[in-house]
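The values are calculated or read from the model by the stated rules, or taken from the named source; none is laboratory data. Being a predicted model, the structure only gives us computed values, none of them experimental. Here the Cβ positions follow ideal geometry from the backbone for every residue, glycine too, while neighbour counts run over all protein chains shown.
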Amino acid sequence: MTAHATTSDTRASEVISINPATLEELARFHIASSAEVNAAVARARAAQPAWGALSFRNRARYILKLQREVYDRQEEIISIISDETGKPAFEALTAEVFPACDLMSHFAANARSILRDERFTLAVFRNKRSMISHEPLGVVGIISPWNFPFSIPMGGIVMALMAGNTVVFKPSEYTPLVGDAIKRFVASAGIPEGVLEVVQGDGSTGAALVESPVDKIFFTGSVRTGKKIAESAAKRLLPAVLELGGKDPMIVLEDAPFDRTVKGAVWGAFMNCGQVCASVERLYVTEPIAEKFIAAVVDEVRKLRVGAPSGCSTDVGPLTNENQLNVVSDHVADAVAKGARVLAGGRRRDELGGYFFEPTVLVDVNSSMKVMTEETFGPLLPIKIVKDEEEAIVEANSIRYGLLASVWTSDNERGRRVARRIEAGTVVINDALYTHGAAQTPWFGVKESGLGVTHGAHGLFEFVRMKHVNWDLLPMKSDWWWFPYTERWEKRFKTLMKVLYRWKLRKIA
């Protein structure tokens, strides 16, 4: 929940952090103005030359100190994440703290080799040499979401810093406490002032950051907001990486490993209360196993323990904010009104005291329903029975999103064949959500699911500017194609064309 508190004397607005399980107020933070955002960018700009001048080895030392801070204080950050998002502490550990530590280890060890200079000789002009180098962009802006308020921004921050940039980071207005913890951890690791600036606030703060003199924007969030950022950035050709929403399909073929697939569907749909851009949001199961599979899924869903996070005694916590609770309620109501049946869940649980909604399984769904075409971002699993593999592929590709998809089959070759036909940035076989937090695997969407890449070597390249340098080994007095133009050199070039390319045309023919 976000609220704005205004005092009569200062007229200063605040974002208010709320525990979504209890609706208890946790903290308040001042909303940074446009001027304050620009001042933060200026401080980051002043700090960048010294930070960028450090060797990869020295930057890595700082990142590993930060990793040690996270490791030593993991219980503190797990508690903050759980309190502010409502996710169970186990998920805060496995999906937030662990992936962040893994990413720090990976890029501290490998950024230098990934971004090493590349040298090559030109194919025709053998006297010439070229080098591709990778330089820091300068100051990058990172706008992060509330569903993974630690692991997602930490990934961007670490990659940006290892590439030699400084960062201005805006946490979500729903999770300002996690953003503040990141700021404190970075300071405790001894990373110089100005290298990471944190600006708290709401959408106006994010808009100010996009309009500020940063060199690139990295945004994770909704398609609607991503389009606004792209429009604003385009006005001054500001490059942006946009990791946006998904409506990710799960295709269950008749030869799927049954028990694993049932458990994978339930975890993939309801982990983090379904508030994952890579959640299973649509499930297509082929007719031969549909009845048995659906019954098994419903049985597993009914076993899930819903409630306020408390050790490992809770499987599914509350939604993180009231707006998301209303979206889930609306999608269920819309589906039921259009003929869907609820086999499990389907109700808000207001008596629990927070933003709770039961893990819900829907059948008899179709493309007229919001739950099959719009991102729900909540604990809903709509299941549609399809005739065969072909129909499942058509259904999977039928909407405007293309982030992640999964294929479940005992035949890996069949799985890869199906994966090649699915319109998604990532397709996993017999797994759910796996690569979303992996440091080495790229993460990106197609269609309306985003622009650019996060994670992996491809993601690290988003934080640098490529520079090409070319030189001659033995410079001549004049190159053949310089003035003055003569018939003699024209004939020589035509002879060269004949030697180089005519035989290739004959060979192909």
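Among residues of the range 372-398 being within 20 Å of Glu423 (Cβ to Cβ) and among the aliphatic types (A, V, I, L, M), the one that is surrounded by the most Cβ atoms within 10 Å (Cβ to Cβ) is Ala396.
Could you tell me whether any residue of the range 265-286 is hydroxyl-bearing (Ser, Thr, Tyr), more than 26 Å from the chain's Cα centre (by Cα), within 23 Å of Gly86 (Cα to Cα) and not in a helix (DSSP H, G or I)? No, the range 265-286 contains no residue that is hydroxyl-bearing (Ser, Thr, Tyr), more than 26 Å from the chain's Cα centre (by Cα), within 23 Å of Gly86 (Cα to Cα) and not in a helix (DSSP H, G or I).
Step by step: first the residues of the range 350-379, then only those that are in contact with a helix residue (DSSP H, G or I) (Cβ under 9 Å, 6 or more places away or on another chain) and among the aliphatic types (A, V, I, L, M), then the one that is nearest to Glu291 (Cα to Cα). Which residue is that? Only one residue fits best here, namely Val363.
Per-residue answers, yes or no, for (1) surrounded by fewer than 20 Cβ atoms within 10 Å (Cβ to Cβ); (2) hydrophobic (A, V, I, L, M, F, W, C); (3) at negative phi:
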{"position": "Phe258", "(1), (2), (3)": "yes, yes, yes"}
{"position": "Pro288", "(1), (2), (3)": "yes, no, yes"}
{"position": "Phe293", "(1), (2), (3)": "no, yes, yes"}
{"position": "Arg302", "(1), (2), (3)": "yes, no, yes"}
{"position": "Gly311", "(1), (2), (3)": "yes, no, no"}
{"position": "Thr320", "(1), (2), (3)": "no, no, yes"}
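Inside the range 430-441, residues that are surrounded by fewer than 18 Cβ atoms within 10 Å (Cβ to Cβ) and within 27 Å of Lys370 (Cα to Cα) make up a count of 3. So for the range 10-21 (the condition being acidic (Asp, Glu), assigned to a helix (DSSP H, G or I) and buried (at least 16 other Cβ atoms within 10 Å of the Cβ)), does at least one residue qualify? For the range 10-21, residues acidic (Asp, Glu), assigned to a helix (DSSP H, G or I) and buried (at least 16 other Cβ atoms within 10 Å of the Cβ): absent. State whether the residues of the range 358-381 include one that is without any contact (Cβ under 8 Å) to a residue 60 or more places away in the chain, part of a loop (DSSP other than H, G, I, E, B), within 17 Å of Leu304 (Cβ to Cβ) and not polar (S, T, N, Q). Within the range 358-381, one or more residues are without any contact (Cβ under 8 Å) to a residue 60 or more places away in the chain, part of a loop (DSSP other than H, G, I, E, B), within 17 Å of Leu304 (Cβ to Cβ) and not polar (S, T, N, Q).
Looking across the range 219-251 at every residue that is polar (S, T, N, Q) and either touching a residue at least 60 places away in the same chain (Cβ under 8 Å) or in contact with an Asp or Glu (Cβ under 6 Å, 6 or more places away or on another chain) (or both), the one that is surrounded by the most Cβ atoms within 10 Å (Cβ to Cβ) is identified as Thr220. Look at Ser172 and say whether it is of a type in the set (S, T, N, Q) and without any contact (Cβ under 8 Å) to a residue 60 or more places away in the chain. Yes; evaluated as a whole, the condition is true for this residue. Where residues in the range 410-448 are more than 22 Å from the chain's Cα centre (by Cα) and in a loop (DSSP other than H, G, I, E, B), which of them is farthest from Ala256 (Cα to Cα)? My answer is Arg421. Counting the residues of the range 452-466 that are surrounded by fewer than 17 Cβ atoms within 10 Å (Cβ to Cβ) and either more than 26 Å from Ser130 (Cα to Cα) or assigned by TED's automatic domain parsing to the domain that holds Val140 (or both) gives 0. When Val407 is tested against (1) exposed (fewer than 15 other Cβ atoms within 10 Å of the Cβ); (2) in a strand (DSSP E or B), just one condition goes unmet, and that condition is (1).
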